[in-house]
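Q: Sending over a structure as structure tokens; questions will come in a sec.
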Amino acid sequence: MIIKKICPRCKEEKDISLFGIDKHTSTGYAIYCKSCNSIRTKIYHQKNREVMILKMREYRSAHKEEEKARRTAYRKTHKEQRRIHEREYSKNNRHKRNQWQNKYLQTHPEKRIEYNSKRRSLVNNANGNGITGEEWNCLVKSYNFICVYCGNKKPLTIDHIIPLYSGGSNQIENIVPACMSCNCSKRNKSVLFFMYKKRTGANETTTIKE
């Protein structure tokens, strides 16, 4: 039984466990030790980067289901490693990550709504987890794609009936679609005062008697 083996690359005698399995050799183990083989593979990949990328793309295209299952299994068994890696990557590639995120949110408006809604919950320490893209699409459709304040068909944004600043929740029950103009004008005002101001032109110090 082989216990040790000499690596022809580094010329060192090493324990057989430091050599990979290779059924094509007479000994059943790789010719080079794992360390040397890793360096050799890395150098080859660097010299043939474009070829390796093309081969990988071809393989993934031909084995979509297998690759999907492999990635899913990896995510389940390496949650902490992925979390650490993503945190480090975001820290070291902040500009690239922001560019990718902005591009993604521009092409997926429902995800942008969802992202902004959750972010506002965190910033304002509001109750509720925000609104999902699907919920927003249903809400806008129920209002016939018009601004709840001016009744015009314009690009719509999320507005809170009771402002988050005033303790309102970030749940769908407290959210209505409003155009950017009305949303910016309303800001932290109550709906009652905003509509009164919109009709009468009252100033900020005006009080409303109920």
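None of the figures in this text is laboratory data; all of them are computed from the coordinates on show. This one's a predicted model, so the numbers in the text were calculated from it and none came from an experiment. Quick reminder, even Gly has a Cβ in these numbers, built from the backbone with ideal geometry, and neighbours come from all protein chains shown.
Q: Can you tell which of 150, 33, 138 shows the greatest fluctuation in a Gaussian network model of the chain with Cα springs below 10 Å?
A: The residue that fluctuates most here is 33.
Q: Can you sort 4, 11, 34 from fewest to most other Cβ atoms within 10 Å of each residue's own Cβ? Mind dumping the intermediate values first?
A: Details: 4 11, 11 8, 34 14.
Ordered by Cβ neighbours within 10 Å, fewest first: 11, 4, 34.
Q: Something else now. Would you work out which of 158, 78, 62 lies farthest towards the positive end of the dipole of the chain, given +1 charges on the beta-carbon of Lys and Arg and -1 on that of Asp and Glu, about the Cα centre?
A: Checking the options against the dipole of the chain, the answer is 62.
Q: Under a cut-off of 16 Å between alpha-carbon atoms, report the lysines in cross-link reach of residue 111, not counting same-chain residues fewer than 8 places apart.
A: Straight-line reach from residue 111, under 16 Å: 103.
Q: Considering amide H positions built from the backbone, and no H for Pro or chain starts, which residues 5 or more places from residue 29, or on another chain, come under 5 Å of its amide H?
A: For residue 29, the qualifying residues are 22.
Q: What aspartates and glutamates does residue 91 reach when the alpha-carbon gap must be under 20 Å and sequence neighbours fewer than 8 apart in one chain are set aside?
A: Answer for residue 91, where 20 Å is the Cα cut-off: 80, listed by chain and number.
Q: Would you list, by chain and number, the lysines whose Cα falls below 16 Å from the Cα of residue 198, excluding same-chain residues fewer than 8 positions away?
A: 186, 189
Q: For region 19-34, take each phi angle, set θ = phi - 60°, evaluate the Karplus expression 6.51 cos²θ - 1.76 cosθ + 1.60, and give the result in whole Hz per residue in order, putting x for glycine and proline.
A: Karplus-based 3J(HN,Hα) across region 19-34 equals 10, x, 7, 9, 6, 7, 9, 5, 8, x, 10, 4, 5, 9, 5, 4 Hz.
Q: Another question about this same structure. Where does the charge balance sit around residue 56 when Lys and Arg score +1, Asp and Glu -1, over other residues with C-beta under 12 Å from its C-beta?
A: Values: positive: 49, 55, 57, 60; negative: 50, 58, 67.
Here the count lands on +1.
Q: Right, another one. Two-decimal Rg/Rh of the chain from alpha-carbon positions, Kirkwood Rh?
A: Values: Rg = 29.7 Å, Rh = 23.4 Å.
Checking Rg against Rh, the ratio lands at 1.27.
Q: Over region 49-102, what portion of Cα pair distances is larger than 13 Å, expressed as a whole percent?
A: Working: 1030 of 1431 pairs.
Percent of Cα pairs beyond 13 Å in region 49-102: 72.
Q: Still on this structure, please answer the following. Mind running the shape call on region 35-136? Use the C-alpha gyration tensor, a ≥ b ≥ c as the square roots of the eigenvalues: rounded below 1.5 for a/c, prolate if a/b tops b/c, oblate otherwise.
A: Numbers: a/c = 2.27, a/b = 2.03, b/c = 1.12.
Prolate, since a/c reaches 1.5 and a/b exceeds b/c.
Q: Which residue fluctuates the most in the chain, going by a Gaussian network model with Cα springs under 10 Å, if the choices are 56, 195, 180?
A: Looking only at 56, 195, 180, the biggest GNM fluctuation is shown by 56.
Q: Estimate the FRET efficiency between residue 103 and residue 35 by the formula 1/(1 + (r/R0)^6), using the beta-carbon distance for r and 41 Å for R0, to the nearest 0.05.
A: 0.55
Q: For a quick check of your reading of the filter: which chymotrypsin sites (Phe, Trp or Tyr not before Pro) in region 72-175 sit in a DSSP loop and have no more than 16 other Cβ atoms within 10 Å?
A: Numbers: sites: 74, 89, 100, 104, 115, 136, 143, 145, 149, 165; in loops: 143, 145, 149.
Here the chymotrypsin sites (Phe, Trp or Tyr not before Pro) that fit, given the DSSP loop and packing criteria, are 143, 145.
Q: Which order do 158, 84, 146 fall in if you start with the one that has the fewest other Cβ atoms within 10 Å?
A: Values: 158 19, 84 11, 146 16.
If I rank by nearby Cβ atoms, fewest first, I get 84, 146, 158.
Q: Any idea what the dipole of the chain comes to, in debye rounded to 20, about its Cα centre with Lys/Arg Cβ at +1 and Asp/Glu Cβ at -1? All intermediate terms of the calculation are to be shown ahead of the outcome.
A: Numbers: 44 positive and 20 negative charges, 152 e Å.
Roughly 720 debye, rounded to the nearest 20.
Q: Okay, next question. Can you tell me which of 110, 134, 65 moves the most in a GNM of the chain? Springs connect C-alpha atoms under 10 Å apart.
A: Comparing 110, 134, 65 in a Gaussian network model of the chain, the most mobile one is 65.
Q: Can you tell me the orientation of helix 79-92 relative to the chain, as the angle in degrees between its alpha-carbon axis and the longest Cα principal axis, to the nearest 10?
A: For helix 79-92, the angle is close to 70 degrees.
Q: Against the longest alpha carbon principal axis of the chain, how many degrees, from 0 to 90 and to the nearest 10, is the axis of helix 64-77 turned?
A: The angle comes out at about 80 degrees.
Q: Tell me which residues come under 5 Å, amide H to amide H, from residue 9 once H is placed; ignore anything under 5 positions away on its chain.
A: Sorted by chain and number, the residues that satisfy this are 33.
Q: If you fit an axis through the alpha-carbon atoms of helix 49-62 and take the longest principal axis of the Cα set of the chain, what angle between them do you get, 0 to 90°, nearest 10?
A: 70 degrees
Q: For a footprinting-style exposure proxy, rank 76, 197 by other Cβ within 10 Å, fewest first. Walk me through the numbers on the way to the answer.
A: Values: 76 8, 197 17.
Ordered by Cβ neighbours within 10 Å, fewest first: 76, 197.
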